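Undergrad: I'd like to ask you about the structure that follows.
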Amino acid sequence: MNFIVIVTDSLRADHVGCYGAPVKTPNIDAFAADSAVFEQAYSENVPTMPCRAAWWTGLHLFPHRGWQPFEHSDYLMAEMLWNRGFTSALISDTYHMHKPGYNCDRGFDTVKWIRGQEYDPWIVDPSIKVDLDRNHRLRGDESDDRWRRLFGQYLRNASVRKSEEDYCVARVFTEAVRWLEAVTRKRKDKLFLWVDSFEPHEAWDPPSPYREMYDPDYTGQELIDPVPGPVEGYMTDEEVNHTKALYAGDVTFVDKWVGLLLDRIKELGLYDNSLIMLTSDHGEPFGEHGIIRKARCCGYEELARIPWIIRHPEGLGRGRRCAAFVQPPDMLPTVLDALDIKSSPRRSAKGMDCLAGDPPEDAPRFTGRSIVPILKGETEALRDFAITAQSGGRWAFRTEDWMYLVPRNPGSDKEPAELYNRHNDRYEQTNVRDRNPDIAVELDRRLRAFAEEV
């Protein structure tokens, strides 16, 4: 069996057609129809790097680890599969993963970094002139110097784009196809491919016709990369709606290239012998709680909920809409379970020699859980809650009935706890904590008990 993961960064579940969105994602929708769709997938530790740590270690890291490189003691997904004879590739334009010292290439046979995404210091020639005002607006405060520099870097990176194929997302999926075409000349089993596309992350700057697809009559200024922070006093409602329409266009643009990869997987004879997953690390705020982009540490629905679609080659779970809470730490245990691999989430003190066999008895275990029993229909749920955290910020605790948002440190007066009824307030607009103090206390107890446990 092969294992293929398609990550599309910052993809909100409510902007994917198979999750009920009006956004056009025909290729993802067709894949979902042949797969299991998880309707309550929530990121555990956001944003970019903390989520990838959860995927690759199978551990809940929110109580003690934020944005940082992998640790030497981490035993990563690619390392486990390498040691079991898999041929692997990591292909990505997520430039944070490429930063020196982050160790994201550990265990992969082939690593291909696509340069030039967002603020990647790729094209640094100061002679390239860019128009900072055409698609951007500063806030007129102390943040201006930083964001002027960052947006200028984005425009220099984008200056080489002449056609759709020059966009980073197209280059990522093209390289993924090339690797599959090359490797399948020698083998078609025990392949591991991780495709990590930074789109539809900001800047939201898709080519035509995607750019005009969802707000064609707009005539105002396009803010493709608004400065993170409060919306009020910075963007009008029309500007926010248009920026969100640009994001939707970017989602449809990404869907096209996802489809091209899936088609090639089928043409190469890999589709029916591969465990394939499509997911994201987090969503994106567009003013639902008064902010644009990830400007405040929060776990609201628009940031926390992610798509997670799993196709098992034996058809397990095909066509099912699964209501179970699932989270990124569940990915690695699921993969090992599906591939019938028993392993430990960390190296032992004896070093890499121990990796060839089963883990020692005292090895730490995963805190994530395998989703395979749900796919098989043996159980309906792994747990009855989901937790979303952000480094240095608040923790969100979701049950079927409630969403509880609390400061990491108890007793904080700056960010009082919030409580929302998920049945009639899915996007968390009305705080009902004062009306339900006993419920808030109990959810707080459960949240902190789990944080202590992991």
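Please treat every number below as a calculation from the coordinates, not as lab data. Note that the structure is predicted; figures quoted are calculated from it, not measured. Cβ placement follows ideal geometry from the backbone for every residue including glycine, while neighbour counts extend to all protein chains displayed.
Undergrad: Tell me, rounded to the nearest percent, the portion of alpha carbon pairs in the range 206-279 spaced more than 20 Å apart.
TA: So the pairs more than 20 Å apart make up 48 percent of the total in the range 206-279.
Undergrad: Give a quick list of trypsin sites (Lys or Arg not before Pro) in the range 83-164 that DSSP marks as loop, anything other than H, G, I, E or B, with at most 12 other Cβ atoms within 10 Å.
TA: Listed in order of number, the matching sites are 129, 134, 162.
Undergrad: Still on this structure: Find the relative contact order for the range 50-167 and round it to a whole percent, using C-alpha pairs within less than 8 Å whose residues are 6+ positions apart. Mind showing how you got there, number by number?
TA: On the way: 121 pairs, mean separation 22.8, N = 118.
Answer for the range 50-167 is 19 percent.
Undergrad: So what does the Cα-only Debye profile of the range 33-105 read at q = 0.11, 0.13, 0.20 Å⁻¹, as log10 I(q)/I(0), no solvent term?
TA: So the normalised log intensities work out to -0.33, -0.46, -0.99.
Undergrad: Okay, next question. Would you order 104, 298 from fewest to most other beta-carbon atoms within 10 Å of each residue's own beta-carbon?
TA: Ranking 104, 298 by Cβ neighbours within 10 Å, fewest first, gives 298, 104.
Undergrad: Hey, another quick one. What are the lysines whose alpha-carbon lies under 16 Å from the alpha-carbon of residue 244, with same-chain residues fewer than 8 places away excluded?
TA: Once the sequence-local lysines are set aside, what remains near residue 244 is 24, 294.
Undergrad: Here's another thing I want to ask about it. How long is the gain from residue 218 to residue 150 if the chain were fully straight, where each residue apart is worth 0.36 nm and the alpha carbon distance is subtracted?
TA: Extending this stretch completely gives an extra 21.9 nm.
Undergrad: Please give me, ordered by residue number, the GluC sites (Glu not before Pro) of the range 213-282 that lie in loop per DSSP and have at most 15 other Cβ atoms within 10 Å.
TA: The qualifying sites are 232.
Undergrad: Filter the chain for me: DSSP H helices, axial length by Cα at least 30 angstrom, mean Kyte-Doolittle hydropathy not below -1.0. List them by residue number.
TA: Those that pass (Cα extent of 30 Å or more, hydropathy at least -1.0) are 237-267.
Undergrad: Work out the P(r) tail for the chain: percent of alpha carbon pairs separated by more than 27 Å, whole number.
TA: Cα-Cα pairs in the chain separated by more than 27 Å: 54 percent.
Undergrad: What's the magnitude of the charge dipole for the range 65-173 around its Cα centre, counting Lys and Arg as +1 and Asp and Glu as -1 at the beta-carbon? Answer in Debye, nearest 20.
TA: 140
Undergrad: Fewest to most neighbouring Cβ within 10 Å: what's the order for 272, 340?
TA: The fewest-first ordering by Cβ neighbours comes to 340, 272.
Undergrad: Answer with one residue from 223, 119, 341: the one whose Cα lies farthest towards the positive end of the charge dipole of the range 2-383, charges on Cβ with Lys, Arg +1 and Asp, Glu -1.
TA: Farthest towards the positive pole: 341.
Undergrad: For residue 112, give me every one of the aspartates and glutamates with a C-alpha distance below 13 angstrom, ignoring sequence neighbours fewer than eight places off in its own chain.
TA: Residue 112 reaches 93, 175, 196.
Undergrad: May I pose another question? Using helices alone, what [θ] at 222 nm do you get for the chain, with -39,500 (n - 2.57) per DSSP H run of 4 or more residues, divided over all residues and rounded to the nearest 500?
TA: Values: 10 runs with 119 residues, N = 454.
Only helices count here, giving -8000 deg cm²/dmol.
Undergrad: Further question: Just want to confirm a number: the relative contact order over the chain, from Cα pairs under 8 angstrom separated by 6+ residues, in percent.
TA: Working: 918 pairs, mean separation 115.8, N = 454.
Once divided by the residue count of the chain, the mean separation gives 26 percent.
Undergrad: Determine ³J(HN,Hα), in whole Hz, for all residues of the range 383-399 in sequence, where each value follows from phi through the Karplus function 6.51 cos²θ - 1.76 cosθ + 1.60 and θ = phi - 60°; x replaces Gly and Pro.
TA: Once rounded to whole Hz, the list reads 7, 10, 7, 9, 10, 10, 10, 9, 3, x, x, 8, 10, 10, 10, 10, 10.
Undergrad: What ranking of 64, 282 emerges when the number of other C-beta atoms within 10 Å of each C-beta is taken as an exposure proxy, fewest first?
TA: 64, 282
Undergrad: Follow-up. How long are the semi-axes of the equivalent ellipsoid of the range 398-454, defined as square roots of 5 times the Cα gyration tensor eigenvalues? Whole Å, largest first.
TA: Details: eigenvalues 69, 39, 19 Å².
Whole-Å semi-axes of the equivalent ellipsoid: 19, 14, 10.
Undergrad: I would also like to ask the following. What is the range 241-338 by shape, rounded, prolate or oblate, if you read a ≥ b ≥ c off the alpha carbon gyration tensor as root eigenvalues and call it rounded for a/c under 1.5, prolate for a/b larger than b/c, and oblate otherwise? Walk me through the intermediate numbers first.
TA: Working: a/c = 2.89, a/b = 1.55, b/c = 1.87.
Oblate shape, in that a/c is at least 1.5 and b/c is the bigger or equal ratio.
Undergrad: Here's a follow-up. Treating only the Cβ of Lys, Arg, Asp and Glu as charged (+1, +1, -1, -1), what charge dipole size does the chain show about its Cα centre? Round to the nearest 20 debye. Walk me through the numbers before you get to the answer.
TA: Details: 58 positive and 74 negative charges, 261 e Å.
Here the chain has a charge dipole of around 1260 debye.
Undergrad: Further question: How long are the semi-axes of the equivalent ellipsoid of the range 168-308, defined as square roots of 5 times the Cα gyration tensor eigenvalues? Whole Å, largest first.
TA: 35, 17, 11
Undergrad: Suppose every Lys and Arg Cβ carries +1 and every Asp and Glu Cβ carries -1, with no other charges. What dipole size does the range 393-454 come out with about its Cα centre, to the nearest 20 debye?
TA: That gives a dipole near 140 debye.
Undergrad: Right, another one. Quick query: amide H of residue 322 versus all other amide H atoms, modeled in the peptide plane; which residues come in under 5 Å with a sequence gap of 5 or more or a different chain?
TA: HN-HN under 5 Å from residue 322: 37, 38, 39.
Undergrad: Considering only 132, 379, 259, whose Cα is most displaced toward the positive end of the charge dipole of the range 2-383, charges sitting on Cβ of Lys, Arg (+1) and Asp, Glu (-1)?
TA: 379
Undergrad: Could you work out the local net charge near residue 391, counting Lys and Arg as +1, Asp and Glu as -1, over the other residues with Cβ closer than 10 Å to its Cβ?
TA: +2
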